[in-house]
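Have a look at the structure below before the remarks.
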Amino acid sequence: MLKLTFSFVVGFVILCAISLLSQFLFYHFSIPIPPALIGILLLLILLVLLKKVPRAISNAARPMLSHMALFLIPAMVSVLLYMEVFAEQALALLLAIVVSTALSLALTLWAGHKLLSRVERKLEDRANHGR
């Protein structure tokens, strides 16, 4: 239990450090990308370099992911506050949603296909070398 708690704390500290670094980069270098997106990109770079998700980060992220809906409440309240703007820009918003969804699905399909073909090649290589 103590080991799991320590792992959670280490992972949480890592996630907080990434968040603070992203905010520093945003404000210090005036990067025109939201700090949350910078943090996601930093986390992605870290995970790609490590080629796996460290157990500490996984342990820290799991409770937050299980309550993800709570993180969306401020965004939903903002939608209600700016309903006039959304109504005026309904067509542009609809187009943006449709295009971004289509691009996301296409990119996910492409990435999944690449990963599955890589796994299939590795399995075939193992089967061929095992003979």
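The values are calculated or read from the model by the stated rules, or taken from the named source; none is laboratory data. As the structure is a prediction and not an experimental result, all values here were calculated from the model. Here the Cβ is made from the backbone with ideal geometry for all residues, glycine too, and neighbour counts use every protein chain on show.
Using the structure shown, decide if LEU80 is aliphatic (A, V, I, L, M) and either assigned by TED's automatic domain parsing to the domain that holds LEU4 or touching an Asp or Glu at 6+ places or on another chain (Cβ under 7 Å) (or both).
Values: aliphatic (A, V, I, L, M): yes; either assigned by TED's automatic domain parsing to the domain that holds LEU4 or touching an Asp or Glu at 6+ places or on another chain (Cβ under 7 Å) (or both): no.
So LEU80 does not fit the description; no.
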Out of (1) among the polar types (S, T, N, Q); (2) surrounded by 10 or more Cβ atoms within 10 Å (Cβ to Cβ); (3) outside the structural domain of THR5 (by TED's automatic domain parsing), the one ASN128 does not meet is (2)
Per the filter on the range 86-131, residues outside any helix (DSSP H, G or I) and modelled with pLDDT of 85 or more are GLN89
Looking across the range 1-37 at residues that are surrounded by fewer than 13 Cβ atoms within 10 Å (Cβ to Cβ) and among the polar types (S, T, N, Q), the single one that is nearest to PRO63 (Cα to Cα) is THR5
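Which helices (runs of 4 or more DSSP H) does the range 33-85 wholly contain that include 3 or more residues that are in contact (Cβ under 8 Å) with a residue 40 or more places away in the chain?
55-66
Taking the condition of a type outside the set (D, E, K, R) and surrounded by 12 or more Cβ atoms within 10 Å (Cβ to Cβ), does VAL85 pass? Please lay out each step first, then the result.
Values: of a type outside the set (D, E, K, R): yes; surrounded by 12 or more Cβ atoms within 10 Å (Cβ to Cβ): no.
Against the criterion (of a type outside the set (D, E, K, R) and surrounded by 12 or more Cβ atoms within 10 Å (Cβ to Cβ)), VAL85 does not qualify.
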